[in-house]
Amino acid sequence: MALNEIFKVGKSISLPVPNGTKSGAPVRVGVLNGVAIVDEGSGFNAEGYASVDLFGGHLFELAGAAVGDAVYITGAKALTLTASGNKLWGAVTHLHRDDQVVILTQAISV
């Protein structure tokens, strides 16, 4: 067993997030993508941090999306289907209803 192992699966970890980040918001910290699972500064998180789920599918509204579409995050932390000027954030796995889709988070992308 490696003596430097901190946790087996880093599914949810505390990361620095913008002030006012709310539970359920898409998050990008460096090359890490995820969804805030608590409001910034709540739970066991210091001010400026939130627990972020780095893996899994989450429900979001995204008009015009189809299964398999790449999803990008803008500098303003909004999700979009537009690649130009944005960073890869995840992929659509299911169409839910109306403009709601399930997006599988790509935990690390450059």
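Do we have Gly43 as outside any strand (DSSP E or B), over 22 Å from Val101 (Cα atoms), at pLDDT below 95 and in contact with a Ser or Thr (Cβ under 9 Å, 6 or more places away or on another chain) here?
Spelling it out, Gly43 is indeed outside any strand (DSSP E or B), over 22 Å from Val101 (Cα atoms), at pLDDT below 95 and in contact with a Ser or Thr (Cβ under 9 Å, 6 or more places away or on another chain).
If I ask for residues that are within 12 Å of Ala107 (Cα to Cα), free of Cβ contacts under 8 Å to residues at least 60 places away in the same chain and among the aliphatic types (A, V, I, L, M), which ones from region 14-45 would you list?
Those that are within 12 Å of Ala107 (Cα to Cα), free of Cβ contacts under 8 Å to residues at least 60 places away in the same chain and among the aliphatic types (A, V, I, L, M): Val27, Val29.
Would you confirm whether or not region 93-105 contains a residue that is within 25 Å of Ile13 (Cβ to Cβ), assigned to a loop (DSSP other than H, G, I, E, B) and touching a strand residue (DSSP E or B) at 6+ places or on another chain (Cβ under 8 Å)?
No, region 93-105 contains no residue that is within 25 Å of Ile13 (Cβ to Cβ), assigned to a loop (DSSP other than H, G, I, E, B) and touching a strand residue (DSSP E or B) at 6+ places or on another chain (Cβ under 8 Å).
Mind checking which residues of region 57-79 are outside any strand (DSSP E or B) and under 14 Å from Val101 (Cβ atoms)? Walk me through it before giving the result.
Within region 57-79, the subset outside any strand (DSSP E or B) is 62-69, 74-78.
Scanning region 57-79 gives Leu62, Ala63, Gly64, Ala65, Ala66, Val67, Gly68, Asp69.
The values are calculated or read from the model by the stated rules, or taken from the named source; none is laboratory data. Please read these numbers as outputs of a predicted model, since none were measured by experiment. Reconstructed Cβ throughout: ideal geometry from the backbone, glycine too, with neighbour counts over all protein chains shown.
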